[in-house]
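A short worksheet on the structure shown next.
The values are calculated or read from the model by the stated rules, or taken from the named source; none is laboratory data. Bear in mind that the values here come from a model prediction, so they are computed numbers and not experimental data. Here the Cβ positions follow ideal geometry from the backbone for every residue, glycine too, while neighbour counts run over all protein chains shown.
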DNA sequence: ATAATTTTGTGACATTTGTCAATTGAAATC
DNA sequence: GATTTCAATTGACAAATGTCACAAAATTAT
């Protein structure tokens with residue numbers, strides 16, 4: 001099995017031992033992609049049947065509000081990228097676009113989902129992914145409700161310093177819910 | 001089986017047929033509670049081994065920031081209440097408190113979780129709960145990032161009008177991330 | 001290397017929201 | 001039913017953030 005697949009699978013199977021059979025079954029629905037900056041993985045309002053795992057690179061998600069991009073998050077190495085909406089056959093609410101040239105694992109949701117009902121290990125594997133994602137969302141909400149702009153900036157800087165090296169400040173300001181001018185002024189202090 | 005349990009189970013088993021055996025196994029870890037206004041279900045920073053499903057009543061969650069309550073959401077009939085943190089054996093980040101006298105189903109997470117690894121129907125049942133919760137969180141984030149205060153107020157009013165009848169405006173303002181004075185002024189228009 | 005484009009920073013001013021204080025209104029308690 | 005407590009509103013002013021305009025810096029393309 002490809003080492004990259006192995007790493008990905010290990011990352012989400014901590015709570016259980018997967019049989020080789022299950023691992024192969026999962027791998028059958030994975031593939032590796034090399035894509036360039038600005039490539040759009042998922043388009044807002046479109047159905048899409050893949051989720052992605054970032055091996056190398058950087059990705060952002062955003063949606064349009066009154067014609068303006070509102071950035072919702074950034075994924076770097078070892079992060080999952082996708083939309084639960086897609087997992088549930090609904091159109092994505094966000095556009096997901098590469099910020100750097102990236103290497104990704106694509107997970108074919110359409111193919112892997114039915115296995116949940118026949119293979120309990122797959123069910124728990126997917127469970128682990130969704131659970132981690134939900135925890136991540138809880139954190140994000142906690143973060144967004146907790147603080148004023150300055151606090152948010154400082155916490156984000158402490159928690160995810162790489163973002164400030166790799167993601168344009170314009171996007172980060174938008175994520176923080178402030179204008180880039182305001183972020184620029186916060187940074188000046 | 002108690003009709004209330006039946007309704008709860010049906011609510012999260014739409015995608016699969018549960019055998020009677022599985023239903024009984026789930027019910028063994030459910031119980032019904034009648035509790036009064038102001039009762040605290042879950043305390044911030046404490047481990048807790050139950051999640052709840054609201055049959056009748058209203059519940060709010062909040063955490064303390066610099067000694068001030070920050071309300072994070074309100075649950076009414078047919079909503080789940082709990083914390084994924086607890087599901088993962090971490091202390092809760094939020095306090096969960098009744099806003100009205102309420103009837104709830106308590107789900108014993110500690111007992112039901114191990115079944116995920118032996119009963120695939122239970123795995124998918126719990127999956128469905130977590131998935132719905134994650135979708136709810138996605139919506140919440142979308143909502144919170146999308147709009148200015150006035151838009152948020154109007155959308156919330158359109159989507160959840162019952163909240164404004166049943167939840168004090170002070171809590172709602174806090175949830176919207178504004179002071180009650182600002183909410184009061186928005187409403188004046 | 002140079003030019004063109006994109007990103008970031010800064011100033012002046014408008015708008016929104018927060019803070020503090022006082023008042024009114026509603027609901028719970030006795 | 002009167003009293004007490006809590007919730008909601010309103011006004012005056014302060015602080016934070018947004019908007020618009022422009023300049024500087026960095027990045028990308030030719």
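Consider residue A:70 carefully, then state whether it is closer than 21 Å to residue A:162 by Cα and within 13 Å of chain B (Cβ to nearest Cβ). In short, yes. Within the stretch B:146-174, being more than 12 Å from DNA strand D (Cβ to nearest atom) and part of a helix (DSSP H, G or I) holds for B:146, B:150, B:151, B:152, B:154, B:155, B:156, B:157, B:158, B:159, B:161, B:162.
Considering each residue of the stretch A:101-115 in turn, at least one proves to be surrounded by fewer than 17 Cβ atoms within 10 Å (Cβ to Cβ), assigned by TED's automatic domain parsing to the domain that holds residue A:8, modelled with pLDDT under 95 and within 16 Å of DNA strand D (Cβ to nearest atom). When residue B:64 is tested against (1) exposed (fewer than 13 other Cβ atoms within 10 Å of the Cβ); (2) more than 14 Å from chain A (Cβ to nearest Cβ); (3) within 16 Å of DNA strand C (Cβ to nearest atom), only condition (2) is not met.
Being within 16 Å of DNA strand D (Cβ to nearest atom), at pLDDT 90 or above, touching a helix residue (DSSP H, G or I) at 6+ places or on another chain (Cβ under 9 Å) and not in a helix (DSSP H, G or I) is true of residue B:178.
On inspection, residue B:146 passes the criterion of being within 15 Å of DNA strand C (Cβ to nearest atom) and facing chain A (nearest Cβ under 8 Å).
In this entry, residue B:183 passes the filter for residues that are surrounded by 15 or more Cβ atoms within 10 Å (Cβ to Cβ) and either near DNA strand D (Cβ under 8 Å from one of its atoms) or modelled with pLDDT of 90 or more (or both). For the condition surrounded by 14 or more Cβ atoms within 10 Å (Cβ to Cβ), within 19 Å of the chain's Cα centre (by Cα) and at the interface with another protein chain (Cβ under 10 Å from one of its Cβ atoms), residue B:130 qualifies.
Kindly evaluate residue B:118 against the criterion of being closer than 21 Å to residue A:65 by Cα and surrounded by fewer than 21 Cβ atoms within 10 Å (Cβ to Cβ). Judged against the criteria, residue B:118 is not a match.
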